Amino acid sequence: FPSFPVVAPTTMDYPMIIVYIICGCILATFYHITHKYTHILAEKIPGILRETLGGICLGIMGTLMPILMFSGEEEMAELIADHGNYLPAFLIAASILKLLLTNICINTGLKGGHFFPVIFAGVCLGYGVSMLVFPNGGHEVFAAAVVTATLLGGVLKKPVAVTMLLFICFPVRLCVWIFIGATIGKKISSLRPFKTFVKD
């Protein structure tokens, strides 16, 4: 799996932690909402037609935005190497559409899971927000780590597992911030207003 370069947060990163956590929580909520309603909609469509519609959605989105295809592993390696070639707005849109497309694929019966696509979506949003705030760069990895941890914590609701799993791509020295993000993501998704969307 692609690995991010080793970084240490700077004094400019700390005030942004709240922003990154909020972004991760919003994306986690969006994941649960789209998962619930694509599931409800898919159940009302006959099997063959459901899978055909899922394939059509995948084909259309993949044609318009190829970075959305597959699990996100190869695409994340490309993002790490060449993120300067993307506009922040494009990456933010990609994070949203990746989660939507993932839930469409899962609930229409297409093969695949949600773990790596969710990581990729978090990385896209982290990079996009960081590039908006810090146009000169240098803060993307920290932003991606916190946003991704918060998002994955809100989806999996297992902060320790999320922290350990994210070591496959993020530097170990960010473990404290990853754990904090994952814990807050879990807590927010467990609040009563979100119970409508979150399934244990």
- Task: Would you mind working out the accessible area per residue for the stretch 69-166, using a 1.4 Å probe, and quoting it in Å²?
- Result: 37 Å²
- Any idea which of Gly84, His139, Gly185 is furthest toward the positive side of the dipole for the stretch 47-200, if Lys and Arg beta-carbons carry +1 and Asp and Glu beta-carbons -1? Gly185
- Message: Going by Cα centres, the stretch 9-44 and the stretch 77-130 are how many Å apart?
- Response: 12 Å
- Note on the structure: Per GNM of the chain with C-alpha springs under 10 angstrom, the most fluctuating residue out of Ala81, Ala161, Ala145 is Ala81
- Please report, as a whole percent, how much of the solvent-accessible surface of the stretch 1-119 comes from carbon and sulfur atoms (probe radius 1.4 Å). 72 percent
- Message: Can you list the DSSP H helices in the chain whose Cα atoms extend at least 24 Å along the helix axis and whose mean Kyte-Doolittle hydropathy is 0.5 or higher?
- Response: 17-43, 47-64, 88-107, 115-133
- Message: Quick check on the chain: helices-only [θ] at 222 nm, where DSSP H runs of length 4 and up contribute -39,500 (n - 2.57) each and the sum goes over total residues. Nearest 500, please.
- Response: -22500 deg cm²/dmol
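When a/c is below 1.5 the answer is rounded, else prolate if a/b is larger than b/c, else oblate, so apply that to the stretch 2-63 with a ≥ b ≥ c taken from the square roots of the Cα gyration tensor eigenvalues.
Prolate, because a/c is 1.5 or more and a/b exceeds b/c.
Treating the beta-carbon of each Lys and Arg as +1 and of each Asp and Glu as -1, no other charges, what is the dipole magnitude of the chain about its Cα centre, to the nearest 20 debye?
About 900 debye.
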- Task: Starting from the Cα-Cα distance between Ala93 and Phe1, subtract it from 0.36 nm times their residue separation and give me the gain in nm to one decimal.
- Result: 30.8 nm
- Message: Could you identify which residue out of Tyr37, Tyr14, Tyr127 has the top mean-square fluctuation in a GNM of the chain using Cα springs shorter than 10 Å?
- Response: Tyr14
- Can you run phi through the Karplus equation (6.51, -1.76, 1.60; θ = phi - 60°) for the stretch 6-16 and list ³J(HN,Hα) in whole Hz, with x for Gly and Pro? 5, 9, 10, x, 9, 4, 6, 7, 4, x, 7
- Label points 7 Å out from Cα along the Cβ direction at Asn85 and Thr52: separation in nm? 3.7 nm
- Compute, for Lys157, the solvent-accessible surface of its heavy atoms (probe 1.4 Å) with the complete set of protein chains present, and express it in square angstrom to the nearest 10. 30 Å²
- Query: How much accessible area does Met65 have with a 1.4 Å probe, in Å² rounded to the nearest 10?
  - Reply: 30 Å²
- Task: Distance check, please: which entries in Lys44/Lys158; Lys98/Lys158; Lys36/Lys158; Lys98/Lys157; Lys44/Lys98 exceed 26 angstrom between their Cα atoms?
- Result: Lys44/Lys158
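The values are calculated or read from the model by the stated rules, or taken from the named source; none is laboratory data. A quick note: this is a predicted structure, and the numbers were derived from the prediction, not measured. Cβ: placed from backbone, ideal geometry, glycine included. Neighbour counts: every protein chain shown. Calculation scope for accessible area: heavy atoms of the full protein, side chains included, ligands and nucleic acids excluded. Shrake-Rupley method; radii C 1.70, N 1.55, O 1.52, S 1.80 Å.
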